[in-house]
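Throughout, read-outs are computed from the coordinates displayed, never taken from laboratory work. Computed from a predicted model, the values in this text were never measured in an experiment. Cβ: placed from backbone, ideal geometry, glycine included. Neighbour counts: every protein chain shown.
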Amino acid sequence: MTETMIRTSGLTRHFTVKKQTVEAVRGLDLHVGKGELVALLGPNGAGKSTTLRMLTTLLRPTAGTAEVAGHDVTADPRAVRSAIGYIGQGNGAGHSQRVRDELHSQGRAYGMNAAAARTRAAELIGSLDLEAFADRVVSSLSGGQRRRLDIAMGLIHAPELLFLDEPSTGLDPQNRANLAEHVRRLRAEHGTTMVLTTHYLEEADQLAERVVVIDHGRVIADDTPERLKSAYAGDRITLRFDHDRDAARARTCVLGIADGAVTDLTGATLQVRLDGGAELAPKLLRALDDTLVPVAAVEVARPTLDDVFLNLTGRSLREEAATGSEQKLEIAA
Amino acid sequence: MSTFVSDTATVFSRELRPVLRNPFSVIFSMLQPLVFLALFTPLLPDVLGSDGSALQWFVPGIVVMSCLFGTSATGSNLLFEIQTGSHERMLVSPLGRPSLIVGRALKEIVPMFVQTAIIVVATIPFGFELHLAGALLGLVILAVFCVGLGALSYTLALASKNQEWMFWAVQQTLIFPLLLLAGMLLPVDNGPAWLRTAADFNPLTYVVDAERALFNGEILSGTVAGGAVAAVVVAALGLLVGTRAMRRVSA
């Protein structure tokens, strides 16, 4: 059992919007061990950001408790704040500030003396590649440059626990890759515990070692991306034939070989969903060859987290991405 | 207590730094009071001042006015930082909540000093007579008032974080009645009774009267004491509601 970094018990947050109570987070129990890299995944409005805001002391829980880095978020918020780093959805730097000045102020805010803050600012300017614009005003920076500055500010006091709220929203693919690279490096070099929220499936899949799927304010699944996929969604083998009757014959053959496979026949295309599909595909092709059913094309697809979400909730995350708005909810509160 | 002082110092110097880096921003914001001085003073009857000079009567009013304009709008900086995410980043840091508003409010004193110095220097060649001791004490009272007004402006920003128009609507609605009822541009002494009563309830009236007395060298007087009390009341009120509003943000 690893050392505990976050432990919540029955964490709940209600908002009152137009005299109606909205239960954004409902009795969340979460445990994050030291050194874990966890993604909270869910559609907009699922409660991930609200959860993050409670864990970072920006929002007081309606009920339940949360202990972060050894301190209770309600009883001792200052101790929690000193221990954690936070990279929010917006840009943390003041627009009229210079990059170096803002890093310096940030260091002072975490109790460093002037000399220590200067040294640390210089270090981060180096490691996050901010040198070229370190003495420029923040409002003159590009989106990607501002995001790097946000990371630098979140790391000023070398926190053992870092929260990232939708870190890659609004970034182009290059800057997104750049951000992922920084996150991985932090883990590798400092063993920083990280909790990030995202509604980008690929991000959760590639970056996180553990994915907590949240929907309607509750945890509905919690495991490694690989295990989630094998538990909640099988591989998908798509076989195409020249004739419809070949596809129908192939279905009988497939069901004979792969027990528990789910098949879907449309015209001359047969879709097979099953666990270990990649390993089974060659065997399947050989069997079809033996029974003289000519296969025109084959494709094996690994399941995505979207398949997981779809199977868990009956809804697709991709469709949800555009609707609902957790942000609006929080501003109103 | 020591963390309160150091946290406040951190917030204060963060706020002040862009001003120091770009002092012209303060000077540009000075154009308006100088235009008022240039265009308004010639219209004033000379009988206004105690020694018959319109400038002697008008300059202290303009000093308070430029403080009023600059400081009451300062909440818009916080409003902008709330919108960009910069304020959230301050809230998630261990800085004490009262310091977040006190440090910001204290910073307002600095541009006020600079502006006053510019107004005085610009008017001396035109016959404004400076009484240094009184003027310095006037600045102290004005500084206290400034901190209170700044805190109120930040409170307004926190209250209108979801609708920016509300900040400007309230600020613009309040600023001109306050300004005119304080007898800053025109004396209210000859106005109708209701107007004089309204002026009596305006704390700014006492501050303006005190500044006039002090800038004309009159130090030990009830007018000055009244101004000092009004400034302290505004400062106490501003810091009280401001601190409470800042504490409530993360509730």
message: Would the protein assembly as shown count as rounded, prolate or oblate if I go by the C-alpha gyration tensor, calling it rounded below 1.5 in a/c and otherwise prolate when a/b exceeds b/c, oblate otherwise?
response: prolate
- line: Among A:A24, A:A250, A:A46, the residue with the largest mean-square fluctuation in a Gaussian network model of chain A built from Cα contacts under 10 Å is A:A250
task: Among DSSP beta bridges lying fully in the protein assembly as shown, give the percent that are antiparallel, nearest 5.
output: 70
task: Quickly estimate the mean residue ellipticity at 222 nm for chain A, helices only: each DSSP H run with n ≥ 4 gives -39500 (n - 2.57), and the total goes over all residues, rounded to 500.
output: -12000 deg cm²/dmol
message: To make sure I understand the rule: partners must be lysines, Cα under 17 Å from the Cα of A:K19, and not fewer than 8 residues away in the same chain. Which ones qualify?
response: A:K328
message: 7 Å from Cα along Cα→Cβ at both A:A296 and B:K161: what's the point-to-point distance in nm?
response: 6.0
- prompt: What number, rounded to the nearest 500 deg cm²/dmol, is the helix-based mean residue ellipticity at 222 nm of chain B, given -39500 (n - 2.57) per DSSP H run of at least four residues and division by all its residues?
  reply: -25000 deg cm²/dmol
- line: Out of B:L55, B:L95, B:L139, a Gaussian network model of chain B with alpha-carbon springs under 10 Å gives the largest mean-square fluctuation to B:L95
message: Within 10 Å of each Cβ in B:17-25, how many Cβ atoms from other chains are there, averaged over the peptide?
response: 3
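Per residue of B:79-86, how many C-beta atoms from partner chains lie within 10 Å of its own C-beta, taken as a mean?
Taking the mean over all residues of the peptide, I get 6.
As a test, work out the antiparallel percent of DSSP beta bridges whose residues both lie in chain A, rounded to the nearest 5.
Working: 40 of 58 bridges.
Rounded to the nearest five, the antiparallel share is 70 percent.
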- prompt: Say a site is exposed when it is one of the GluC sites (Glu not before Pro), sits in a DSSP loop, and has at most 16 other Cβ atoms within 10 Å; what is then the longest site-free stretch of chain B?
  reply: B:1-128
